[in-house]
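First comes the structure, then the notes that go with it.
Bear in mind these aren't lab numbers, they're just calculated from the coordinates by the rules spelled out. Predicted model, so just to flag it, every value in this text is computed and none were measured. Neighbour counts run over all protein chains shown; Cβ positions are idealised from the backbone, glycine included.
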Amino acid sequence: MSIITKKDILARVADGSLAFKPNLDRFQLQEHSVDLRLGFTFMIPKMWHMTAKGRESLDITHFDKRNHEYFEVVELEQGQYFELLPQEYILVSTLEGIKMPVDLMGVLYPRSSTNRKGLSLDLTGIIDAGYEGQLILPIRNNTRSQAIRLYPGERLCQVVFEELKSEVTPRPSKYHQKDIIEGVLMEKKEEVDLLAKGDIKALKEQFKV
């Protein structure tokens, strides 16, 4: 694999194989990466809910799209900001939706300015070849006493694009072209159920490659 540079990124954007919506601005394009901006959707994990038995803590292990009570969803409007409390952990969306070609993958990294604010952005994943849609970013305020103000539109992370030696057939993604909230509330229930039982053998047998 090889990392593509600014010239290659612009060429791919021009031919439509790599696309961003809304379009990139000149602040986002770096010599060998693209900065992504913070979106307007913030998802705050809830700690408890009321059931017929009483107040119970929420076990996030088994949530799915029917269980919206696991998150409080905040949709900001233009001109509003979000104050992330000390030690608070949330999920946020990117402003941009991205369309990836089948011969390119993306690797996400936090911007150094993001880290200097006291934020940690756990971006150990990749953007799959052929993926299309917004991205979900886990973010935490690492300070113990200060709120960190987040503004939709600020540059939060950067993506580095790597060319694959051969094209791949995109596999279905739970986030692919889906509403960002619906996507994060969907999990592979069969896998989760088997893991909860500790039945790794059945998992491997039922879902062979």
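Observations on the model:
- Computed from the C-beta positions of Leu29 and Asp103, the FRET efficiency with R₀ = 22 Å rounds to 0.60.
- Each label was represented as a point 7 Å from its Cα along the Cα-to-Cβ direction; for Glu205 and Glu190 these points are 1.5 nm apart.
- A cut-off under 11 angstrom between Cβ atoms defines the neighbours of Arg140, and their net charge, with Lys, Arg +1 and Asp, Glu -1, is -2.
- Gain upon complete extension [Glu167, Arg149; 0.36 nm per residue less C-alpha separation]: 2.4 nm
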